[in-house]
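So the structure is just underneath, and the comments pick up after that.
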Amino acid sequence: MIRKEDVAAHLLLNPELATRVLASFIADAVKTAGADGVVVGLSGGVDSALAAALAARALGPEHVLALLLPYKTSSPESSSDADAVAKQLAVETRTIDISEMIEAYFDHNEQDAGKLRRGNKMARERMGILFDQAKKRRALVLGTSNKTEILLGYSTIFGDNASSINPLGDLYKQQVWQLARHLELPRSVVDKKPSADLWPGQTDEDELGFAYPTADEVLYLMFDRGLSAKEIVARGYDAEAVGKIEELERRNRFKRRLMLIARLSSSAINLDREIPRD
């Protein structure tokens, strides 16, 4: 029986091996698609920094475009941290301010929209720009959502959870930090509190209501070890946090299976049969 004090050790990776596998994944996906490289939204956070670092290692920095897509309320620290990552990786950058695009919609049509709707619109606007720039460069859009965010549904559908390929989707947040430290990414990026920077002062853990290490361990026990919420609580985890994590996972499953299609045939896409991929 796995004990609470042993769980963290099970989340440790062989960082050199994991890096090689993920870089190979990116290189193979780009080659298979006949693309010339990748485009990634560099936010100043650790997830996008790691994704960009893996891509630069896989393809060479000349095949990676890092886009900085700030909004008028974005933290200046986000841009400076993104610049530091891009400089370290020697990748090309381009900055496109999305403020006018966002305000054109809300100021003229939805003045009463709250910060959550505005944040979702920002995420989708950024992804739309990434795909347009990828089309322009014959590139793939590199995803930056980690396994913890995906399982919790802590993402915007057709926003930050949309991409062509995602090297981080099977990494819990602690594993993202582990690989980022292994690759010696800027400490200002790795050590700061995770935030989508959707509004001033916003942090992931405050919004979620629990810490990432707790979420990682609970999700690992649920999905990797097959334990029930009751069994996880019995190992010493806070019942309220476990319940919230379980509810978020259940309620947001639709985000992990996009475009639910009504069945008329025996081969409906995204239902019983998976379409083979190269």
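The values are calculated or read from the model by the stated rules, or taken from the named source; none is laboratory data. Given the structure is predicted, the values throughout are model-derived calculations rather than measurements. Glycine gets a Cβ as well: all are built from the backbone with ideal geometry, and neighbour counts include every protein chain shown.
Under the condition of being aliphatic (A, V, I, L, M) and over 18 Å from the mean Cα position of the chain (by Cα), which residue from the range 30-69 is farthest from ARG187 (Cα to Cα)?
Here the answer is ALA33.
Hey, does the range 124-132 have a residue that's assigned to a loop (DSSP other than H, G, I, E, B) and either without any contact (Cβ under 8 Å) to a residue 60 or more places away in the chain or small (Gly, Ala, Ser) (or both)?
no
Yes/no matrix, rows are residues, columns are (1) free of Cβ contacts under 8 Å to residues at least 60 places away in the same chain; (2) assigned to a helix (DSSP H, G or I); (3) over 16 Å from ALA49 (Cα atoms):
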| position | (1), (2), (3) |
| --- | --- |
| TYR105 | yes, yes, yes |
| LYS121 | yes, yes, yes |
| LYS135 | yes, yes, yes |
| TYR154 | no, no, yes |
| GLN174 | no, yes, no |
| GLN178 | no, yes, no |
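Kindly provide the set of residues from the range 64-85 that are touching a residue at least 24 places away in the same chain (Cβ under 8 Å), in a helix (DSSP H, G or I) and either touching an Asp or Glu at 6+ places or on another chain (Cβ under 8 Å) or exposed (fewer than 15 other Cβ atoms within 10 Å of the Cβ) (or both), ordered by number.
Of everything in the range 64-85, those that are touching a residue at least 24 places away in the same chain (Cβ under 8 Å), in a helix (DSSP H, G or I) and either touching an Asp or Glu at 6+ places or on another chain (Cβ under 8 Å) or exposed (fewer than 15 other Cβ atoms within 10 Å of the Cβ) (or both) turn out to be GLU77, SER78, SER80.
From ILE102, ILE150, which residue is surrounded by 13 or more Cβ atoms within 10 Å (Cβ to Cβ) and within 21 Å of the chain's Cα centre (by Cα)?
ILE150
I need the full set of residues from the range 205-232 which are within 22 Å of LEU12 (Cα to Cα), over 20 Å from the mean Cα position of the chain (by Cα) and surrounded by fewer than 18 Cβ atoms within 10 Å (Cβ to Cβ), in order please.
ARG225, GLY226 - these are the residues of the range 205-232 that are within 22 Å of LEU12 (Cα to Cα), over 20 Å from the mean Cα position of the chain (by Cα) and surrounded by fewer than 18 Cβ atoms within 10 Å (Cβ to Cβ).
Listed here are the residues, each with its yes/no results for (1) modelled with pLDDT of 95 or more; (2) under 30 Å from LYS121 (Cα atoms).
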| position | (1), (2) |
| --- | --- |
| LEU12 | yes, no |
| ALA27 | yes, no |
| PRO70 | yes, yes |
| SER78 | no, yes |
